[in-house]
Amino acid sequence: MRQASAHDPEKLQTFRIAIMRQEKGPTMSVNRAQRVDLEVVAGLIPPQSRVLDVGSGDGLLLELLQETKQVDGRGLELSQRGVNECVARGLSVIQGDADTDLEFYPDKGFDFVVLSQTLQATRNPKLVLDELLRIGNRAIVSFPNFGHWRVRLSLFVQGRMPVNDDLPYSWYDTPNIHFCTIRDFVNLCDELGATVEKATALDGNGQKIGLSMPWWFWNFFGQQAVFLLKR
Amino acid sequence: MAALRARKTNNEADQPSSPVLRFGADKPLKLDAGTLLSPFQIAYQTYGTLNDAHSNAILVCHALTGDQHVASTNPVTGKPGWWEVLIGPGRIIDTNRFFVICCNVIGGCLGSTGPASINPATGKPYGLDLPVITIRDMVRAQLMLIDHFGIEKLFCVLGGSMGGMQVLQWASSYPERVFSALPIATGARHSSQNIAFHEVGRQAVMADPDWHGGKYFEHGKRPEKGLAVARMAAHITYLSEVALHRKFGRNLQDREALTFGFDADFQIESYLRHQGMTFVDRFDANSYLYMTRSMDYFDLAADHGGRLADAFAGTKTRFCLVSFTSDWLFPTEESRSVVHALNAAGASVSFVEIETDRGHDAFLLDEPELFAAINGFIASAARARGLSL
């Protein structure tokens, strides 16, 4: 994290355990045990914000934000099962597709629009990111870094697409159709005229990589990345 | 027996067993048809207790042929209330906790002013002299009832089908009076196909010689055959092909083989005839015309320059919409277009589509996923409203 965040460490620890306890569900495009990025995302959002979580899954982030930050939170989720579970738990979630349904939201209708671990599963990541920047005063995007050394190693040594705890799918059945590296993402942000306000890279253990490290280091050792963007 | 019940229906229309709120000449009901209805009355039922802050009131809006007996025995049929699976002491909508109000809509036939009510100007039933009633008229009358109870803001307004239309109308017309809204299996307008089915039903009623241009009471008759056919046709639209086939298939009714005649050879025929016959015992034919018409006329976007989002501009109401996969009367797309409009209006909205083969009528049935959604939505709204659990 390039800036200190004011979140409640005790709540977040409980939350981390909650994440670890969740089984891998059909709604997530990456392994849920690795969702430590949600802690980082939550740390970026001040209390009482209006938040739209695109790809809200089973509502873990929304629930955390409502409990610890009293946000006005809404969710958009592709899986009907995930949506029904969220609504049954009192979350404000609708079924919809990030690729097609963001157009119905008004400009700057939210303080933050979150897209966590979903960008790589969209058909048109550029358009989706553009919509996030339109709908939210700020966008928070987290994604698995395809530039990570293990990914590179898998391709370089084995000549195979990587399959690991973080990316558990084979190439033929993965929902992740648009992987990118941290550097690719930074370039896309430039193209869309978005400013990176904060960025965080997490290593394989979910630990933040030092702030002083250069981009190439992040791109090599960061397994996941979280970006706070503004346009 | 049928004649006895018919008389009972007629009595319930004018002298209902429910409490009645009467509005005299000083408080007319303004109708969309451009006239005033006066005097008029609203028959209603309440369950539970209104708290001191008047913040725990839930208004339930009934569907086309529903009534105010949502959670207590129906005086005409002797059957349990139509939503007792959902509403009552200890139920999802707990009457130990909430004050639940349900009233017969204007144009209905169970005690609120409708075509079977006596027109004070003539001393005879209104018949077709009653102006056409719209969903907005019904809601306007409900508002007068809510005012009577001194309720500034309803905690929740909910209902399915035509009841869901009223919920949407409430949220649009009186957003500051509705804390949360739960429209189920409904849409912001009646589709062409739905109008078509209603027209078939109305034509069946009007083709019955006993209808007498709507003045059947004066002839001591009732267009029972026509109304039964209308109900049979409509009933098909409340189910799904899959559920019908699962339940009845091509099974024969009390016989070994086809009779090469026009008796009810098939179970489905017998079932529909039964549905038609029991319906005429409890419902007034002219009221059926008025109820169907009110749904046909409903088009919330048209009232706002064709832009549905404008019907909800600036709303603070919390919404939860529910649709059912096998509902072909109000398919999921109808709910989704409301959701998109609410998104555009920046509203707080949840939306669940429930997988079931039970068709439109699923909203009245024991559907665990429906109850889970309602429970979650009500609980979170209650927290937001500061209602203790």
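The values are calculated or read from the model by the stated rules, or taken from the named source; none is laboratory data. Values in this document were obtained by computation on a predicted structure and should not be read as measured data. As a convention, Cβ positions derive from the backbone with ideal geometry for all residues, glycine included, and neighbour counts pool all protein chains shown. Surface accessibility is based on the protein's heavy atoms, side chains included, excluding ligands, DNA and RNA. Shrake-Rupley method; radii C 1.70, N 1.55, O 1.52, S 1.80 Å.
Below are the figures for this structure:
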| read-out | value |
| --- | --- |
| Hydrodynamic radius of the range A:9-230 per Kirkwood, over alpha carbon pairs, in Å | 17.4 Å |
| Other protein chain Cβ atoms within 10 Å, averaged over every residue that makes up B:349-357 | 5 |
| Degrees between helix A:9-21 axis and first principal axis of chain A (Cα, 0 to 90, nearest 10) | 70 degrees |
| Lysine-lysine proximity count for the range A:9-230, Cα under 18 Å, sequence distance 8 or more or distinct chains | 5 |
| Global geometry of the range B:286-344, whether rounded, prolate or oblate, following the gyration tensor of its Cα atoms and the 1.5 cut on a/c | oblate |
| Number of partner chain Cβ atoms within 10 Å, mean per residue of B:243-255 | 0 |
| Under-5 Å amide H pairs with A:Lys108, H placed in peptide plane, nonlocal only | A:Ile135, A:Gly136 |
| Distance between modelled label sites at A:Ser170 and B:Gln203, nm, 7 Å Cα→Cβ extension | 5.8 nm |
| Where only C-alpha atoms are counted, convex hull volume of chain B per residue in Å³ | 140 Å³ |
| 5 angstrom amide H check on B:Val349, placed H, neighbours 5+ away | B:Phe319 |
| GNM result for chain B, Cα springs below 10 Å: residue of B:Pro120, B:Pro131, B:Pro75 fluctuating most strongly | B:Pro120 |
| Additional length obtainable on full extension of the chain from B:Arg246 to B:Ser191, 0.36 nm per residue less Cα span | 17.0 nm |
| Exercise: per-residue mean of other protein chain Cβ atoms within 10 Å, B:374-384 | 3 |
| Karplus (6.51, -1.76, 1.60) ³J(HN,Hα), θ = phi - 60°, over the range B:127-142, in Hz, Gly and Pro reported as x | x, 7, 6, 6, x, 4, 9, 10, 4, 5, 4, 4, 5, 4, 5, 4 |
| Pairwise FRET efficiency - A:Asp107 versus B:Arg383, Cβ, R0 = 30 Å, nearest 0.05 | 0.50 |
| Chain A, accessible surface, carbon-and-sulfur percent (1.4 angstrom probe) | 52 percent |
| Value in Å of the Kirkwood radius, where the protein assembly as shown supplies the Cα pairs that are averaged | 26.8 Å |
| Candidates A:Gly82, A:Gly57, A:Gly159, ranked by Gaussian network fluctuation over chain A, Cα under 10 Å, top entry | A:Gly159 |
| Whole-Hz couplings from phi, Karplus 6.51/-1.76/1.60, listed for the range B:279-295; x for Gly and Pro | 5, 5, 5, 10, 9, 8, 5, 5, 4, 4, 4, 5, 5, 4, 4, 4, 5 |
| Packing-based ranking, highest mean first, of A:126-133, B:65-72 given that Cβ atoms within 10 Å are counted | B:65-72, A:126-133 |
| For the protein assembly as shown, share of DSSP beta bridges that run antiparallel, in % to the nearest 5 | 40 percent |
| In nm, spacing of pseudo-spin labels at B:Lys27 and B:Thr73 (7 Å Cα→C-beta vector) | 3.1 nm |
| Summed buried accessible surface, chains B and A, 1.4 Å probe, nearest 100 Å² | 1500 Å² |
| Lysines whose Cα lies under 27 Å from that of B:Lys215, excluding same-chain neighbours fewer than 8 positions away | B:Lys8, B:Lys30, B:Lys124, B:Lys225 |
| Accessible surface of chain B, 1.4 Å probe, proportion on carbon and sulfur as whole % | 53 percent |
| Computed label-point distance, nm, for sites A:Leu127 and A:Trp215 using a 7 Å Cα→Cβ extension | 2.7 nm |
| Longest segment of chain B lacking chymotrypsin sites (Phe, Trp or Tyr not before Pro) that sit in a DSSP loop with at most 12 other Cβ atoms within 10 Å | B:1-259 |
| Inter-centroid distance (Cα atoms) of the range B:274-310 relative to the range A:131-158, Å | 52 Å |
| Length-normalised contact order of chain A in % [C-alpha pairs under 8 Å, at least 6 apart] | 20 percent |
| Ellipticity estimate at 222 nm from DSSP helix runs (n ≥ 4, -39,500 (n - 2.57)) divided over the protein assembly as shown, nearest 500 | -10500 deg cm²/dmol |
| Under-5 Å amide H pairs with A:Asn145, H placed in peptide plane, nonlocal only | A:Gln224, A:Ala225 |
| 0 to 90° range, to nearest 10: angle between helix A:182-191 axis and chain A longest Cα axis | 60 degrees |
| Chain B: most fluctuating residue of B:Ile106, B:Ile135, B:Ile378 per GNM, C-alpha cutoff 10 Å | B:Ile378 |
| Straight-distance crosslink candidates among lysines, where the alpha carbon sits under 16 Å from B:Lys316 and sequence neighbours closer than 8 are dropped | B:Lys153 |
